[in-house]
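Q: Dumping the structure here so I can ask a few things about it.
The values are calculated or read from the model by the stated rules, or taken from the named source; none is laboratory data. Since the model is a prediction, treat every value here as computed from it, not as a measurement. We place every Cβ from the backbone using ideal geometry, glycine too, and count neighbours over all the protein chains shown.
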Amino acid sequence: MSRHEGHRRWTRTVVAVDGPAGSGKSSVSRATARALGYAFLDTGAGYRALTWLALERGVDLDDASSVEALMDSWDFRISTHPSDTRVSVDGTDVTDAIREPRVSSSVSSVARVPNVRLRLNELFRDLLDAPGEPGVVAEGRDITTVVAPDATVRVLLTASEAVRLRRRGLELTDVGAEDLARQVTERDRRDSLVADFMTAAEGVETLDSSELDFDETVAALVAVIRRVSAEKTGV
């Protein structure tokens, strides 16, 4: 898909947030959605849910056609309430299961399948434009360039590598420093094969949180959203 195929006239405010592993884009986006009274969409959960299903059914993740075929009949559902984001596949709640190490270590293989990305991106666009809250904050790979290139506000949330490693270390307390660095570097390397999330595209705001704590980062993102929205609407 070219970066222009995702253009759509949105019926509500759409905020797209991308960034490298450990940048805090998921937790910050969720908190920002709560602060603004917006919905929240974790697009990565879609890839994780499909990965979970493939693993459960013993599908070869290197067989792109078999992985894609799972989408022909799966029933994927995700709530967009920022305080209660639940994910289910074929009626099974997989909210916690999709965060298991076996899924985390395999999801990049699924995300590299072109047709999987095409189909999930269209599903994400429908969720972004769903009726409900006045706006939605969505985070994930290539959300600012492919999924929603015409989002009201597009932000690349980043931080220095040292800060990102420290933050991931606080989340993964049972992982040693060397293993952690290898995990983050490898995650970025794999994901960079299908999305450029280290450089802000034209029109995308860059928010560097290296010197900010969590609450300050949320406040900064809220400020960016309000400023850019006001610039576009004149309000």
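Q: Any idea which of (1) modelled with pLDDT of 90 or more; (2) over 19 Å from the mean Cα position of the chain (by Cα); (3) farther than 29 Å from Arg117 by Cα is the one Pro134 doesn't satisfy?
A: (3)
Q: What pairs come out if I take residues in region 37-48 that are in contact (Cβ under 8 Å) with a residue 60 or more places away in the chain and pair them with residues that are part of a strand (DSSP E or B) whose C-beta lies under 6 Å away, six or more apart or interchain?
A: Tyr38/Gly135; Tyr38/Val136; Tyr38/Val137; Ala39/Val136; Phe40/Val137; Leu41/Val136; Leu41/Ala138
Q: Let me ask another. Which residues, taken from region 135-151, are among the β-branched types (Val, Ile, Thr), closer than 22 Å to Ala223 by Cβ and out of contact with any helix residue (DSSP H, G or I) (no Cβ under 6 Å at 6 or more places or on another chain)?
A: Ile143, Thr144 - these are the residues of region 135-151 that are among the β-branched types (Val, Ile, Thr), closer than 22 Å to Ala223 by Cβ and out of contact with any helix residue (DSSP H, G or I) (no Cβ under 6 Å at 6 or more places or on another chain).
Q: Oh, and also: Looking for something over 20 Å from Arg226 (Cα atoms) and not acidic (Asp, Glu) - is there at least one such residue anywhere in region 8-15?
A: For region 8-15, residues over 20 Å from Arg226 (Cα atoms) and not acidic (Asp, Glu): present.
Q: Does Glu186 satisfy the criteria of being more than 14 Å from Val15 (Cα to Cα) and at pLDDT 90 or above?
A: Taking the combined requirement at face value, the residue does not satisfy it.
Q: Against the condition touching a residue at least 40 places away in the same chain (Cβ under 8 Å) and among the charged types (D, E, K, R), how does Arg86 come out, does it pass?
A: no
Q: How many residues are small (Gly, Ala, Ser), surrounded by fewer than 17 Cβ atoms within 10 Å (Cβ to Cβ) and under 23 Å from Tyr38 (Cα atoms) if we restrict to region 97-148?
A: Qualifying residue count for the region: 2.
Q: Based on this model, can you work out whether Val94 counts as at pLDDT 95 or above, in contact with a Leu (Cβ under 6 Å, 6 or more places away or on another chain) and surrounded by 18 or more Cβ atoms within 10 Å (Cβ to Cβ)? Walk me through it before giving the result.
A: Details: at pLDDT 95 or above: yes; in contact with a Leu (Cβ under 6 Å, 6 or more places away or on another chain): no; surrounded by 18 or more Cβ atoms within 10 Å (Cβ to Cβ): yes.
So Val94 does not fit the description; no.
Q: List, please: which pairs have Cβ atoms under 8 Å, are six or more places apart or on different chains, and start with a residue in region 90-117 that is farther than 19 Å from Ser66 by Cβ and end with one that is β-branched (Val, Ile, Thr) and surrounded by 13 or more Cβ atoms within 10 Å (Cβ to Cβ)?
A: Listed pairs, sorted by first residue: Asp93/Val87; Val94/Val87; Thr95/Thr85; Thr95/Val87; Ala97/Val103; Ile98/Thr51; Ile98/Val87.
Q: Just checking, how many residues over region 73-98 are closer than 14 Å to Thr51 by Cα and under 18 Å from the mean Cα position of the chain (by Cα)?
A: 8
Q: Of the conditions (1) of a type in the set (Gly, Ala, Ser); (2) modelled with pLDDT under 95; (3) surrounded by fewer than 21 Cβ atoms within 10 Å (Cβ to Cβ), Ser66 fails just one. Which one is it?
A: (2)
Q: Of the conditions (1) touching a Leu at 6+ places or on another chain (Cβ under 9 Å); (2) surrounded by 22 or more Cβ atoms within 10 Å (Cβ to Cβ); (3) modelled with pLDDT of 95 or more, Tyr38 fails just one. Which one is it?
A: For Tyr38, the failing item is (1).
Q: Exactly one of these conditions fails for Trp52: (1) surrounded by fewer than 21 Cβ atoms within 10 Å (Cβ to Cβ); (2) touching a residue at least 24 places away in the same chain (Cβ under 8 Å); (3) not acidic (Asp, Glu). Give me its number.
A: Trp52 satisfies every listed condition except (1).
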